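One structure below.
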Amino acid sequence: MVPDEMDVVLATLPLRVGTYVPDDLLEDWFAPDTGMNPVSDQCLQAAKAYGRKFECEFKYYTDRQEGVFWKFVPAM
C-alpha cells in the first residue's frame with residue numbers, strides 16, 4: 001500500500017521535478033508478492049495508473065532499479 005505521504009508528494013510536485021522510488025518499494029506498494037527481479041508488469045502498470053491520478057508521468061529505469069514520477073510539462 002502506498003503511504004499517504006506519497007499522495008501529498010505527487011499532488012504538490014512542481015513541474016519538471018521528479019520523485020524517485022527504488023524498485024523494492026515499488027513492488028511493496030503496487031504489487032506485493034509478485035516478485036521483484038525483474039519488477040513485475042503488474043507493478044509498473046499500477047504505478048503508472050497511480051501517477052495519472054495526480055497528473056504525473058511514470059517511467060521505470062531498469063539500469064537504475066528505480067521508478068520516477070514527474071509532472072508533465074505541456075508544450076509551449
*Consider a paramagnetic label point 7 Å from the Cα of LEU25 along Cα→Cβ; state which residues of the stretch 52-68 have an amide N under 12 Å from it.*
66-68
*Suppose every K and R has +1 on its Cβ and every D and E has -1 on its Cβ; what is the size of the dipole of the chain about the Cα centre, in Debye to the nearest 20?*
480
*In nm, to one decimal, how far is the modelled label at ALA11 from the one at GLU57, with both set 7 Å along Cα→Cβ?*
2.4
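Compute the Rg/Rh shape ratio of the chain: radius of gyration over Kirkwood radius, all on alpha-carbon atoms. If you can, show how the numbers build up before the last one.
Working: Rg = 12.1 Å, Rh = 12.5 Å.
With Rh from the inverse mean 1/r over Cα pairs, Rg/Rh is 0.97.
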*Percent carbon-and-sulfur accessible area, the chain, ignoring ligands, DNA and RNA, probe 1.4 Å*: 54
*asked:* Out of all DSSP beta bridges in the stretch 4-71, what portion is antiparallel? Express it as a percent rounded to 5.
replied: 90
*Taking H placed 1.01 Å from N in the peptide plane, check which residues at least 5 places from THR34 or on another chain put their amide H under 5 Å from its amide H.*
none
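The values are calculated or read from the model by the stated rules, or taken from the named source; none is laboratory data. Here the structure is a predicted model, which means the values were calculated and not measured. Counting neighbours? That spans all protein chains shown, and the Cβs are built from the backbone with ideal geometry, glycine included. These accessible areas exclude ligands, DNA and RNA; they are computed on the full protein's heavy atoms, side chains included. Shrake-Rupley method; radii C 1.70, N 1.55, O 1.52, S 1.80 Å.
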